[in-house]
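This report concerns only the one structure given below.
The values are calculated or read from the model by the stated rules, or taken from the named source; none is laboratory data. Bear in mind the structure is a predicted one, so any value in this text is a computation, not a measurement. Backbone-built Cβ (ideal geometry, glycine too); neighbour counts: all protein chains shown. Heavy atoms of the whole protein, side chains included, go into the accessibility calculation; ligands, DNA and RNA do not. Shrake-Rupley method; radii C 1.70, N 1.55, O 1.52, S 1.80 Å.
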Amino acid sequence: MRIAVLSGKGGTGKTLISVNLAAAAQTSIYVDCDVEEPNGHLFFKPEGVQDEETAINIPSVDEELCNGCRICVDFCNFNALAYINGKLKIFEEVCHSCGGCALFCPENALSEKDKFIGKVQKGVSDNVTVNTGILNIGEASGIPLIKKLLNENELAGGSPTFIDCPPGSACIVMESIKDADYCILVAEPTLFGVHNLNMVYELVKLFDKPHGVVLNKCLEGENPAEEFCLEKGIRILGRIPFDDELGILNSNAQIAVREKEKYRTMFSSLLQIVTEEVRHETVANP
Amino acid sequence: MRIAIPVDEKSIGASVCQSFGRAPYFLIYDTDSKESEFINNSAAASQGGAGIKTAQAVVDYRIGALLTPRCGENASEVINAANIKIYKTTDASAPDNINAFINGKLSLLDEIHRGFHNHGSK
């Protein structure tokens, strides 16, 4: 069971919810796909941490062999290559690592070399296996890291997996939810929150993913995000109150579920609702 | 010498296009023959790397100078590798900018932006 937690903007509560759901499960895997600024590990403080450097393939040219035919330049759909003044120029940031240029080079002048873009970090925090993707600063795309994080996870057996997504609805989020069984959308009770919720709502509909909403930071009075859900017929999975105590625990990088029984109860019941939703979806749309 | 300038339409008196890589056309002016010609920029529709492909096309036209209001870092790397100088256009029309260049009134473009990658203003 793979559950992705996403929201249209940062600071909505993705990490709060994915970390606490993972902690509330008996055994689970937490995957931090927010590779540009992973912070789940600050809560879990995993032990036995092992790093694995992650590389992508980038073409490299042997200028002795290159005869300037430009087949590679014309082939590249991303325009990562240019041939200027008798020399091939390679724009590594633009390259998408498809390998086509090296494949098509009639002179075998192009080969692929490793370019390290970040690392995958694995550790354990009590009942939770914590996998974190960390993209090197300045890298253009974290997608190869996310692919690696989620691929390896397939080997991990039956434990529920909680995917803490990057904010927004761009390609990096699409990659994170691609193989998810269920998507939890986290929303704030403001008009701005509704706008952001709508972004991820449209995304999960596009991907045809079963989904539900957790309303975070709920106050007394009207909740535009709740109204949006009612209007669109979106399942509301739970409501988390705007609660000083929870806020303080969270800002001290403590896991609420592990600190207070009432939060364990709250997130356990949310976990149960989500689990039932996933089960229901599997039966309805196997 | 040939001069290239990005333009919004194929007409005499065309305005200068605010984008280099995504410009629909280029006006090529030959200072020796005093002839103008418009070329289509096929790179304008690229998903990514439009600046690189446009710069390659401009270089392949064997121009001596590029006049443009803006240029991204990847495109400028290609242009620089070909030893072509980039001059900054003014708000005037393309032909007025060409005249200004011939009269030595345009200065070199010293501000190279990081690229907009489809997120920039038109």
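Just a few scattered comments:
- Filter pass, A:V194 being in a strand (DSSP E or B) and out of contact with any Cys (no Cβ under 8 Å at 6 or more places or on another chain): no
- Criterion (in contact (Cβ under 8 Å) with a residue 24 or more places away in the chain, within 14 Å of chain B (Cβ to nearest Cβ) and not polar (S, T, N, Q)) met by exactly one of A:C105, A:C76, A:C66, A:C98: A:C76
- Residue list for segment B:81-92, restricted to those being within 14 Å of another protein chain (Cβ to nearest Cβ) and in a loop (DSSP other than H, G, I, E, B): B:A82, B:N83, B:I84
- Within segment A:82-92, if we keep just the residues that are within 8 Å of chain B (Cβ to nearest Cβ) and closer than 28 Å to A:L135 by Cα, the residue that is nearest to the chain's Cα centre (by Cα) turns out to be A:F91.
- Only one of the listed residues (A:L65, A:L88) is in a loop (DSSP other than H, G, I, E, B) and either on the phi > 0 side of the Ramachandran plot or at pLDDT 95 or above (or both). That residue is A:L65.
- Every pair of residues 6+ apart whose Cβ atoms lie under 8 Å, when the first sits in segment A:195-214 and is farther than 10 Å from A:C183 by Cα and surrounded by 23 or more Cβ atoms within 10 Å (Cβ to Cβ) while the second is of a type in the set (D, E) and modelled with pLDDT of 95 or more: A:N196/A:E188
- A:L249 vs. criteria under 15 Å from A:G13 (Cα atoms), over 22 Å from the mean Cα position of the chain (by Cα) and open to solvent by less than 90 Å² (accessible area, probe 1.4 Å): yes
- Residue check, A:N79 on the phi > 0 side of the Ramachandran plot and not in a strand (DSSP E or B): yes
- Residue in segment A:19-36 that is open to solvent by 10 Å² or more (accessible area, probe 1.4 Å) and of a type in the set (F, W, Y) present: no
- Filtered residue count, segment A:113-141, keeping only those that are farther than 20 Å from A:L21 by Cβ and part of a strand (DSSP E or B): 11
A quick yes/no check of all residues on (1) polar (S, T, N, Q); (2) open to solvent by 30 Å² or more (accessible area, probe 1.4 Å); (3) in the same structural domain as A:L185 (by TED's automatic domain parsing):
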| position | (1), (2), (3) |
| --- | --- |
| A:L237 | no, no, yes |
| A:I240 | no, no, yes |
| A:A256 | no, no, yes |
| A:Y263 | no, no, yes |
| A:M266 | no, yes, yes |
| A:T275 | yes, yes, yes |
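- Criterion violated by B:P95 - all others in (1) surrounded by fewer than 21 Cβ atoms within 10 Å (Cβ to Cβ); (2) within 14 Å of chain A (Cβ to nearest Cβ); (3) assigned to a helix (DSSP H, G or I) satisfied: (2)
- When residues in segment A:14-37 are screened for being over 27 Å from A:I137 (Cβ atoms) and in a loop (DSSP other than H, G, I, E, B), 3 of them pass.
- Residues that are within 28 Å of B:Q47 (Cα to Cα), touching a Leu at 6+ places or on another chain (Cβ under 7 Å) and surrounded by 19 or more Cβ atoms within 10 Å (Cβ to Cβ) within segment A:103-139 comprise A:A109, A:I117, A:G118, A:G133, A:L135, listed in sequence order.
- Qualifying residue in segment A:174-181 (condition: closer than 21 Å to A:Q272 by Cβ and over 13 Å from the mean Cα position of the chain (by Cα)): yes
- Index of the failed condition, B:D30 passing every other in (1) surrounded by fewer than 22 Cβ atoms within 10 Å (Cβ to Cβ); (2) out of contact with any Lys or Arg (no Cβ under 7 Å at 6 or more places or on another chain); (3) away from every other protein chain (no Cβ under 14 Å): (2)
Listed here are the residues, each with its yes/no results for (1) within 30 Å of B:R62 (Cβ to Cβ); (2) free of Cβ contacts under 8 Å to residues at least 60 places away in the same chain; (3) among the hydrophobic types (A, V, I, L, M, F, W, C).
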{"site": "A:V31", "(1), (2), (3)": "no, no, yes"}
{"site": "A:E47", "(1), (2), (3)": "no, no, no"}
{"site": "A:D62", "(1), (2), (3)": "yes, yes, no"}
{"site": "A:I90", "(1), (2), (3)": "yes, yes, yes"}
